[in-house]
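Novice: Below are the structure tokens for one structure; questions will follow.
The values are calculated or read from the model by the stated rules, or taken from the named source; none is laboratory data. From a predicted model like this one, the values you see are computed outputs, not experimental measurements. Cβ: placed from backbone, ideal geometry, glycine included. Neighbour counts: every protein chain shown.
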Amino acid sequence: METNNLRGGFEMTAAMLISGTIGWFVLQSGEPALQVVFWRCAFGAVALLFICKAFGVLGTRHLTPRIFLWAALGGVAIVLNWALLFAAFSRASISVATVVYNTQPFMLTAIGMLAFGERPGLRKLGWLAIAFAGVVMIISTKPGSNYIGADYGIGVALALGAAALYAVAAAITKKLKGVPPHLIALVQVSVGVIMLAPFTSFAQLPQTTGAWASLVALGVIHTGVMYVLLYGAIQKLPTSMVAALSYIYPIAAILVDMVAFGTALQPIQIAGSAAIILAAAGVSMGWPLLPKFKQNVMQPGE
């Protein structure tokens, strides 16, 4: 069990560190968001096809028409989620977009309330209020960065939209229990290729080796390899540990943004980012809003 936890912890950490560099590769490609998503899906589909073949999960025994339909629907949400998030990077910065994107647990809570009639309880509502305050603090001012456009507020809105779409995809994935995750991912990126092909300009392909290298990396490393590491970790680790390690992602993205682009969050944005990450962790791991103090009760004879 300890060996499993150690290996799973390594896989989860590696997956989150890889995720933290996505924004850098997106901006380095120099391509519009939809173009980047298309090529990520295309190269990712090739990588995942080999992975599924290696794991022996290709075939109709895992993919009934009903499962395929749900996986494809999740693919639509995932692809649109990527498009919005990638568009947010150049408008709100990698740091801010990634932190705001990590409001996903609250989006999933909202979907649970609306679609499944779930009652989140006062604890979750309290964490939601803290996360909302964090978003307000983040959008109150711009971070110091050379690559952020004038439409900063739109960038934050795009990141929130991406989080909502990710939550939709996660809710759909719940219906696909028992299906190999690599196969689900293959269906999703294949849907992305079909969806975005009409909007992709094949007459104006990337012109530099660096741009192609970034796009290949997003498909092979950030999609194929990352899926293997992520799902391998999920199978080995308890849910609480998966949730805890997932917050390496926004921290890594902030560090990459600082080192690669010199982006500096304002003090109020740092506080807001901390509030969102703390609140998201609190919801994921079921933390109480306030610490419980143990009362010392005097026993007879003491």
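Novice: Any chance you could count how many residues in region 166-200 are surrounded by fewer than 17 Cβ atoms within 10 Å (Cβ to Cβ), over 22 Å from GLY59 (Cβ atoms) and among the hydrophobic types (A, V, I, L, M, F, W, C)?
Specialist: Adding up the residues that qualify gives 2.
Novice: Let me ask something else about it. Look at VAL57 and say whether it is of a type in the set (Val, Ile, Thr), within 28 Å of LYS236 (Cα to Cα) and either in contact with a strand residue (DSSP E or B) (Cβ under 7 Å, 6 or more places away or on another chain) or not in a helix (DSSP H, G or I) (or both).
Specialist: Taking the combined requirement at face value, the residue satisfies it.
Novice: Among the residues of region 201-215 satisfying the criterion of being under 18 Å from ALA83 (Cα atoms) and hydroxyl-bearing (Ser, Thr, Tyr), which is surrounded by the most Cβ atoms within 10 Å (Cβ to Cβ)?
Specialist: That would be SER214.
Novice: Ok, one more. Got at least one residue in region 21-28 being touching a Ser or Thr at 6+ places or on another chain (Cβ under 9 Å), modelled with pLDDT under 95, crowded, with 23+ Cβ neighbours inside 10 Å and over 27 Å from ALA203 (Cβ atoms)?
Specialist: No, region 21-28 contains no residue that is touching a Ser or Thr at 6+ places or on another chain (Cβ under 9 Å), modelled with pLDDT under 95, crowded, with 23+ Cβ neighbours inside 10 Å and over 27 Å from ALA203 (Cβ atoms).
Novice: Restricting region 58-98 to residues that are modelled with pLDDT of 90 or more and among the hydroxyl-bearing types (Ser, Thr, Tyr), which is surrounded by the most Cβ atoms within 10 Å (Cβ to Cβ)?
Specialist: Among residues in region 58-98 that are modelled with pLDDT of 90 or more and among the hydroxyl-bearing types (Ser, Thr, Tyr), the one surrounded by the most Cβ atoms within 10 Å (Cβ to Cβ) is SER93.
Novice: Just one of the numbered conditions (1) exposed (fewer than 15 other Cβ atoms within 10 Å of the Cβ); (2) in contact with a His (Cβ under 9 Å, 6 or more places away or on another chain) is not true of THR141; which one?
Specialist: (2)
Novice: Run ASN146 past the list (1) of a type in the set (S, T, N, Q); (2) in a helix (DSSP H, G or I); (3) closer than 24 Å to GLN269 by Cα and report the number of the one that doesn't hold.
Specialist: (2)
Novice: Hey, another quick one. Give me the pairs: first residue in region 280-298 and over 18 Å from THR103 (Cα atoms) and surrounded by 14 or more Cβ atoms within 10 Å (Cβ to Cβ), second residue modelled with pLDDT of 55 or more and small (Gly, Ala, Ser), beta-carbon distance under 8 Å, and six or more apart or on different chains, which are they?
Specialist: Taking only residues 6 or more apart or on different chains, not a single pair turns up.
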